[in-house]
Amino acid sequence: MKPFTVEEACKAVSGWQKTPFSGTIQKVTTDSRQDLDQSLFIPLKGEKFDGHAFLQTALEQGACCALSMEATSQERVIYVEDTRRALGALAAWYRRRFTLPVAAITGSVGKTSTKEMTAAVLSAKFDVCKTQGNYNNDIGLPKTLFSLEEHHTAAVVEMGMNHFGELHTLSKMAAPSLAVITNIGVAHIENLGSQEGIFQAKCEIFDGMAQDAPAVLNGDDPYLLTLKQKRKNLLFCGLEEENTLRAKNIRPQGLSQTAFTICYHGQQEEAVIAAAGTHMVQNALLAVGVGLKFGLSLQEAAQALGNFQQTGMRMAVKKTPFLTVLNDSYNANPISTKASLQVLAAEQGRKVAVLGDMLELGPEAAAYHEEVGRFAKQVGIDFLIAIGPFGEYISKGFDAAGGASVHYPSVDAFFAAPWQTLFHKGDTVLVKASHSMALSRIAEGLQEVNKGV
């Protein structure tokens, strides 16, 4: 982090008063377990935790100062009304100490993969700071912004949301130079009311940007196409011929690679990504689009896609002597689950899907789960194992389409049954659900049992 003084911090954050002490802040942290030497400690308060309990410990372990929502005369403690808002305000000030271009990425599906691909593309020309993992909310984004160093020449930040107003806050904080929207799905529809509501909430990403700032958008998404009437400087990317940047001749290369041809204004370049599925090709096109907007040539951007690597529990492939396991248990919604099922369907041999609940889908949740079950059978999945309360509807849809499935109310119930008998040697097994369903336990169990453990 680029150091700043306590006095600068006080001026940067609304509500802070001039402090009777001075010092240099080398780090901003919300975690008292970290190295706190010369840090500003910001205790956060949630439903089940309160960082204020560790405030004194942080000061004793080297923090030069701390914020607090509890009025105190304690030395080196600065009172603020809301530490979470103060964290965001300070991060917004810190980001504006840099003049580098910032690409902000949001969407219902594919944010993290697109972020990783974009960082890989931009690394061909820039020293890139990027969101680690999926730190994409009003606590995670400040952590990314505070990781900016003087040597960085570009940044790629991921922005997530599940309520109105959240992307507005994040965009104002990060002041993006460019926005990417991957798609408009139904994730979080429980909170946002409708797909139109989700679209409106995603468009809050523009709130912290100049009106003429560029955006790279999924041109195969009907909601995003309507932005043609509202904004300028748009680059549409997709598989349809109408897109300015598009992919053709998509060639799956097993479960770990996909080759395709990128077309742009009469130019063509071959590309290969370390991921399977046409949905990942769409993400790659968005990353290339950012590269083009940031000054890379099509050739440079296409070649740089080769540096992309998948993150954990996102279609991670594990081959054992008995099975091939596709661990895609990090998250799930109807769009991403269907995309993963299409990847599974392209494989040879017996294809088994282990699917769990997809959360935050609102009143139509049962219908969405049943639809996914029907889709699984329609694309050629041979056997389905459904997990969780809504798994009943996945199973119902699969069976109604002519399939044969089993349903377990929980992961524990699955393991309590003679589950090993459900699999045959040579099966390819997809494991996918919302993260809190803990289906990663099943993916891990399959791998360990097949090793003979």
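The values are calculated or read from the model by the stated rules, or taken from the named source; none is laboratory data. As the structure is a prediction and not an experimental result, all values here were calculated from the model. Using ideal geometry, Cβ is built from the backbone for each residue, glycine included, and neighbour counts are taken over all protein chains shown. Accessible surface is based on the protein model in full, side chains and every heavy atom, while ligands, DNA and RNA are left aside. Shrake-Rupley method; radii C 1.70, N 1.55, O 1.52, S 1.80 Å.
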Notebook entry, point to check: Hey, D127 hits all of (1) within 17 Å of L305 (Cα to Cα); (2) touching a residue at least 60 places away in the same chain (Cβ under 8 Å); (3) out of contact with any helix residue (DSSP H, G or I) (no Cβ under 6 Å at 6 or more places or on another chain) but one; which does it fall short on?
Noted result: (2)
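Please specify each residue of the stretch 243-257 satisfying the condition of being farther than 10 Å from V272 by Cβ and not aliphatic (A, V, I, L, M). If you could, list the steps in order and put the result at the bottom.
As a first pass, look at the stretch 243-257 and keep what is farther than 10 Å from V272 by Cβ: 243-250, 252, 254-256.
Scanning the stretch 243-257 gives N243, T244, R246, K248, N249, P252, G254, S256.
I'm trying to understand the selection: among the residues of the stretch 173-197, which are more than 16 Å from the chain's Cα centre (by Cα) and more than 16 Å from A215 (Cα to Cα)? Lay out the reasoning, then the answer.
Of the residues in the stretch 173-197, the ones more than 16 Å from the chain's Cα centre (by Cα) are 173-178, 189-197.
Result: M173, I189, E190, N191, L192, G193, S194, Q195, E196, G197.
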Item checked: Selected residue (criterion: nearest to Q132 (Cα to Cα)) from residues of the stretch 280-315 that are out of contact with any helix residue (DSSP H, G or I) (no Cβ under 8 Å at 6 or more places or on another chain) and not in a helix (DSSP H, G or I) -> G312
Note to self: Condition (residue is charged (D, E, K, R), open to solvent by 10 Å² or more (accessible area, probe 1.4 Å) and in contact (Cβ under 8 Å) with a residue 60 or more places away in the chain) applied to the stretch 315-327: is it met by at least one residue?
What the structure shows: yes
Next item on the list: Scan the stretch 247-258 and report the pairs whose first residue is open to solvent by less than 40 Å² (accessible area, probe 1.4 Å) and whose second residue is of a type in the set (G, A, S) and modelled with pLDDT of 85 or more, with Cβ atoms within less than 6 Å and a gap of 6+ or a chain change.
Entry: L255/A276; T258/A276
Check: Can you list the helices (runs of 4 or more DSSP H) found entirely within the stretch 341-448 that contain at least 2 residues being in contact with a Leu (Cβ under 9 Å, 6 or more places away or on another chain), modelled with pLDDT of 95 or more and surrounded by 24 or more Cβ atoms within 10 Å (Cβ to Cβ)?
Finding: 365-378, 391-400
Checklist line | Any strands (runs of 3 or more DSSP E) falling wholly within the stretch 102-175 and containing at least 1 residues that are modelled with pLDDT of 95 or more and surrounded by fewer than 20 Cβ atoms within 10 Å (Cβ to Cβ) | finding: 128-130
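T83: of a type in the set (S, T, Y) and buried (at least 19 other Cβ atoms within 10 Å of the Cβ), yes or no?
Considered against the rule, which asks whether it is of a type in the set (S, T, Y) and buried (at least 19 other Cβ atoms within 10 Å of the Cβ), T83 comes out as yes.
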